[in-house]
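Notes for the one structure printed next.
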């Protein structure tokens, strides 16, 4: 994934779920999140006399705020997606976009100086909808935690008194309640009510999709009118939500920050009480959280004991000093556990680092941590990061096996440190079973598994079809997928590594089967528009099962699959057949949505004429 938008999206090749309700995100992402919510320092009238508020850009972690521009004189009434498509159309590879539509300007950040300078040359002076655009360098946003501290100091010196909202005594609640409200916000809502709310959420998505299809494909209006009348203004029937088999301790992957504890204890591993942009760095341990497994809690406990025996401090996002930063724990039904500890070496000598890694390995193989259940232990250097992708960080195995293995639907899967695997294994079985049911497969079918991760969906379907072709960005995941195919005795499956938008068209063109079904399970931002356009052009592809971990963010994909043909979107459209929610994330509002789409048959002359009448040239 290349862009991060204002709605929660899965970011970069961090792999999808990914991290559906991960609250202990990397500090870089926290800073990045905080930078897109308000105008820059310059736009907000902040003075640059306090350089400490901008010191994070000189730190050793990647931040696209270094490469930030302001685009001015934008057309009125454009939306985020209009701007995103406009930039992509002209070859501008943005990292993040923040649009201030009322002020007709936007901030755009880039991954490096080359991309930023290319964008400035390309866009400056360009005309768009009658407006001549101008581009200039923009200042980075002030560090939110330092900004908040300055505000608090001002309040203490006779500034504005705290608001009533600030006076609400949430802070008087036990830490267990405070952290539950952050990581499992529906913890005190009956599960039946949670399911009802999630189903209602998906219902709203389908009602909105009905409106979007009606406005982008007039030929579908008669069909759409009938659908909305039968299905409560939705574009297709919504099947009953499938609940998670486990409502507690269901997560097989968690990311924990290492920081000062909210109770004042140093070197604490847990979840952050608030967001960095809210001025909070304190964490609370997971001992009383309901979604973390007992196995993961045991690993956290032993790691905390170990780091407290070392002389190294926790990493501070305020001063950019310190070492211990993050712990990622993955567990499986097979009672294996992988732990990845993120450590910033600062200026430590290699000999000292080697000694630390050696003592870490011994602690978990011979010392007190040997009964923690850790079977795979990695040491990750956080040092200099020139990329936002965590896969680019040096990752060293210090104890145990290089992988862990999970069982799902009677199959065995190998998992590497950076590979994607659904965080709720039991619910993932329900999800993949439903995908298999809806795909209507037979021994002549070819399945295209797009964004396949470790190959779970394709492998689970392989014995029922002629061939499975998987496409995945993460190299580690592709290697796992190939191993997983062999582990399960499958020879009719192949995997291709690369961005879906770069690989998909060639793979699709090479398939000669008349019976093709595509299954897409993309990151939260959805599929790249190039993939959608390729799907539309491949008219021998008649059926598509879309697995959306954020249906609202995927709305553009749904609309483009269904919109009328045009100069930009060629090939007969799809239309939604049915949808269903599967609860992979109990105690939160997150939910997976399945949407089955089938190609519209425009073989009849009457329908074809209607479609031609509704076809218009796309202008965005």
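The values are calculated or read from the model by the stated rules, or taken from the named source; none is laboratory data. What you see is a predicted model; the values in this text were computed from it and never measured. Heads up, the Cβs are rebuilt from the backbone with ideal geometry, glycines too, and the neighbour counts pull from every protein chain shown.
The table below lists the values:
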read-out: Residue that is over 27 Å from residue 509 (Cα atoms), surrounded by fewer than 24 Cβ atoms within 10 Å (Cβ to Cβ) and out of contact with any strand residue (DSSP E or B) (no Cβ under 6 Å at 6 or more places or on another chain), where the choices are 440, 411, 430; value: 411
read-out: Residue that is surrounded by the most Cβ atoms within 10 Å (Cβ to Cβ) [pool: residues in segment 124-142 that are under 33 Å from the mean Cα position of the chain (by Cα) and outside any loop (DSSP other than H, G, I, E, B)]; value: 135
read-out: Residue that is under 21 Å from residue 555 (Cα atoms) and not in a strand (DSSP E or B), where the choices are 84, 121, 98; value: 84
read-out: Set 352, 382: member being exposed (fewer than 14 other Cβ atoms within 10 Å of the Cβ) and more than 30 Å from residue 511 (Cα to Cα); value: 352
read-out: Residues of segment 349-381 satisfying the condition of being assigned to a loop (DSSP other than H, G, I, E, B) and more than 33 Å from the chain's Cα centre (by Cα); value: 349, 366, 367
read-out: Residues being within 17 Å of residue 530 (Cα to Cα), touching a residue at least 60 places away in the same chain (Cβ under 8 Å), in contact with a helix residue (DSSP H, G or I) (Cβ under 7 Å, 6 or more places away or on another chain) and surrounded by 17 or more Cβ atoms within 10 Å (Cβ to Cβ) - total across segment 86-119; value: 1
read-out: Yes/no for residue 308 being in a helix (DSSP H, G or I), under 21 Å from residue 415 (Cα atoms) and out of contact with any strand residue (DSSP E or B) (no Cβ under 8 Å at 6 or more places or on another chain); value: no
read-out: Among (1) out of contact with any strand residue (DSSP E or B) (no Cβ under 8 Å at 6 or more places or on another chain); (2) buried (at least 22 other Cβ atoms within 10 Å of the Cβ) - the single one residue 570 does not satisfy; value: (2)
read-out: Selection status of residue 527, touching a strand residue (DSSP E or B) at 6+ places or on another chain (Cβ under 7 Å), surrounded by 17 or more Cβ atoms within 10 Å (Cβ to Cβ), without any contact (Cβ under 8 Å) to a residue 60 or more places away in the chain and not in a helix (DSSP H, G or I); value: no
read-out: The lone exception for residue 295 - which of (1) within 26 Å of the chain's Cα centre (by Cα); (2) in a loop (DSSP other than H, G, I, E, B) it fails; value: (2)
read-out: Odd one out for residue 43 among (1) closer than 16 Å to residue 134 by Cα; (2) at pLDDT 55 or above; (3) surrounded by fewer than 20 Cβ atoms within 10 Å (Cβ to Cβ); value: (2)
read-out: Residue ranges of helices (runs of 4 or more DSSP H) in segment 408-510 with at least 3 members under 20 Å from residue 334 (Cα atoms) and touching a residue at least 60 places away in the same chain (Cβ under 8 Å); value: 425-438, 475-487
read-out: Tally of residues being closer than 29 Å to residue 250 by Cβ and assigned to a loop (DSSP other than H, G, I, E, B) across segment 565-594; value: 9
read-out: Residue 499 being at pLDDT below 90, surrounded by fewer than 24 Cβ atoms within 10 Å (Cβ to Cβ) and either closer than 17 Å to residue 418 by Cβ or over 23 Å from the mean Cα position of the chain (by Cα) (or both); value: yes
read-out: Selection status of residue 296, under 30 Å from residue 427 (Cβ atoms) and buried (at least 20 other Cβ atoms within 10 Å of the Cβ); value: yes
read-out: Members of segment 214-232 found to be part of a loop (DSSP other than H, G, I, E, B), out of contact with any strand residue (DSSP E or B) (no Cβ under 8 Å at 6 or more places or on another chain) and surrounded by 15 or more Cβ atoms within 10 Å (Cβ to Cβ), listed by number; value: 217
read-out: Residues satisfying the stated conditions in segment 532-545, i.e. in contact with a strand residue (DSSP E or B) (Cβ under 7 Å, 6 or more places away or on another chain) and either not in a loop (DSSP other than H, G, I, E, B) or not assigned by TED's automatic domain parsing to the domain that holds residue 562 (or both); value: 535, 541, 542, 543, 544, 545
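Results for (1) touching a helix residue (DSSP H, G or I) at 6+ places or on another chain (Cβ under 6 Å); (2) modelled with pLDDT of 95 or more, shown as yes or no for each residue.
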residue: 404; (1), (2): no, yes
residue: 418; (1), (2): yes, no
residue: 437; (1), (2): no, no
residue: 454; (1), (2): yes, no
residue: 477; (1), (2): no, no
